[in-house]
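Worksheet: the structure to be examined is printed underneath.
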Amino acid sequence: MMSPNGPARANGAQASGNAKRCAYLRMDINKESYLCLLDSGCEISVIPTRLVGRNDIKPSTQLITAANGTSIPVLGAVTLQGRIGNRRLSIEGLVSSHVQEPMLGMDWLQKHGVTWSFQDNRVWVGKHEYRTEARHHDSTWIRRVVLVETTLLPPRSECDVQAGVVCWGS
């Protein structure tokens, strides 16, 4: 799972406007349905922490960075079983609380022999054909800034502090 060329990239860029970008594949994971982002710009799959049992996370030294170059914290690696209809598909990926949706990267796309017709909004996973979907943007997003360490600030002063932003969407 470790990229031989250093940190792997996890893009997650989003277009503006009204165009529907059908870049998601609906998959059941842990008996719940999720829209999984098919991301050919992401070298390795990334799984949100909320989909993974803490005891299922294996240690990993792999580093990943976002498209803007910032580091994405990784808790470890995991292998999950996904299901589309009656077809089981394994998902090996890194676990992070800084992603909101399963991101199926080039590792997953290549492993499962995915062919993507952008014009027809369809993918073939091996010989099986599935329709891709667009994410609905009417969901509520919550962003929370989390302080990394306790910091005492004197009155009327400024100070840089270590913090992280955690996002959730429904």
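The values are calculated or read from the model by the stated rules, or taken from the named source; none is laboratory data. Everything quoted here is computed from the prediction, not taken from an experiment. Cβ coordinates were reconstructed from backbone atoms using ideal geometry, including for glycine residues, and neighbour counts include every protein chain displayed. Side chains included, ligands, DNA and RNA excluded: accessible areas come from the protein's heavy atoms. Shrake-Rupley method; radii C 1.70, N 1.55, O 1.52, S 1.80 Å.
Write out, first by first residue and then by second, each pair whose Cβ atoms fall under 7 Å of each other, whose residues are 6+ apart or on separate chains, and whose first residue, in segment 74-90, is free of Cβ contacts under 8 Å to residues at least 40 places away in the same chain and hydrophobic (A, V, I, L, M, F, W, C) while the second is part of a strand (DSSP E or B) and open to solvent by 90 Å² or more (accessible area, probe 1.4 Å).
Val78/Lys58
Among the residues of segment 22-53 satisfying the criterion of being exposed (fewer than 14 other Cβ atoms within 10 Å of the Cβ) and out of contact with any Leu (no Cβ under 9 Å at 6 or more places or on another chain), which is modelled with the highest pLDDT?
Ser33
Check Ile57 against each of (1) surrounded by fewer than 18 Cβ atoms within 10 Å (Cβ to Cβ); (2) modelled with pLDDT under 95 and name the one condition it does not meet.
Exception for Ile57: condition (2).
Considering only segment 65-80, how many residues are in a strand (DSSP E or B) and at pLDDT 90 or above? Reasoning before the result, please.
In the first step, residues of segment 65-80 are kept if they are in a strand (DSSP E or B); the result is 65-66, 71-72, 76-80.
Imposing the further condition that a residue be at pLDDT 90 or above reduces the set to 76-80.
Of the residues in segment 65-80, 5 are in a strand (DSSP E or B) and at pLDDT 90 or above.
If you take the residues of segment 53-70 that are under 15 Å from the mean Cα position of the chain (by Cα) and of a type in the set (Gly, Ala, Ser), which of them is nearest to Val99 (Cα to Cα)?
Ala66
Filter segment 95-110 down to the residues that are closer than 19 Å to Asp28 by Cβ and either of a type in the set (Gly, Ala, Ser) or open to solvent by 20 Å² or more (accessible area, probe 1.4 Å) (or both), then identify the one that is modelled with the highest pLDDT.
The qualifying residue modelled with the highest pLDDT is Glu101.
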